[in-house]
Amino acid sequence: MVDVTLFYNVYENLRTSLALPSVAGPVPGTRIIPIVFENRMKGETYGAEISATAKLTDGWNLVGAYSNTPVILGVTFPNVVSPYLGLYARVAWRPRKHWEVAVVV
């Protein structure tokens with residue numbers, strides 16, 4: 001069995017934080033760092049995933065997958081581009097009905 005997925009997501013009003021200059025605290029020798037939280041960031045993700053499952057025998061399965069998902073975020077869009085590439089492999093053996101032994105790479 002082979003599964004293929006294509007997707008595109010748009011995000012708006014993502015939470016941001018900004019540290020302002022520190023000010024003197026109420027106790028001598030301490031400082032307070034004000035932090036302002038706002039919903040100013042935008043972003044988008046898009047990509048593709050493909051996975052395949054092979055039933056080798058009654059008790060053995062093999063699964064492999066590949067994913068490519070760039071993430072673009074920023075207040076002044078685009079600001080940060082973070083590519084994500086993923087590979088996944090799994091071999092599973094079922095010696096009994098409610099038992100499974102698997103190796104994941």
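Derivation of every value follows stated rules applied to the coordinates shown; laboratory data play no part. Being a predicted model, the structure only gives us computed values, none of them experimental. Here Cβ is always computed from backbone atoms with ideal geometry, including for glycine, and neighbour counts include all displayed protein chains.
Computing Cα extents along the principal axes in Å for the structure here picks out one of (1) 65, 30, 20; (2) 71, 34, 18; (3) 45, 36, 27, namely (2). Projecting the Cα atoms of Ala54, Leu6, Tyr84 onto the charge dipole of the chain (Cβ charges, centred on the Cα centre) puts Ala54 farthest toward the positive pole.
Nearest 20 debye, what's the magnitude of the dipole of the chain about its Cα centre given +1 on Lys and Arg Cβ and -1 on Asp and Glu Cβ?
Around 320 debye, computed over the chain.
Taking label points 7 Å from Cα along the Cα-to-Cβ direction, Thr53 and Leu85 give a separation of 2.7 nm. Were the residues from Arg31 through Val103 laid out at 0.36 nm apart, the gain over their Cα-Cα distance would be 20.8 nm.
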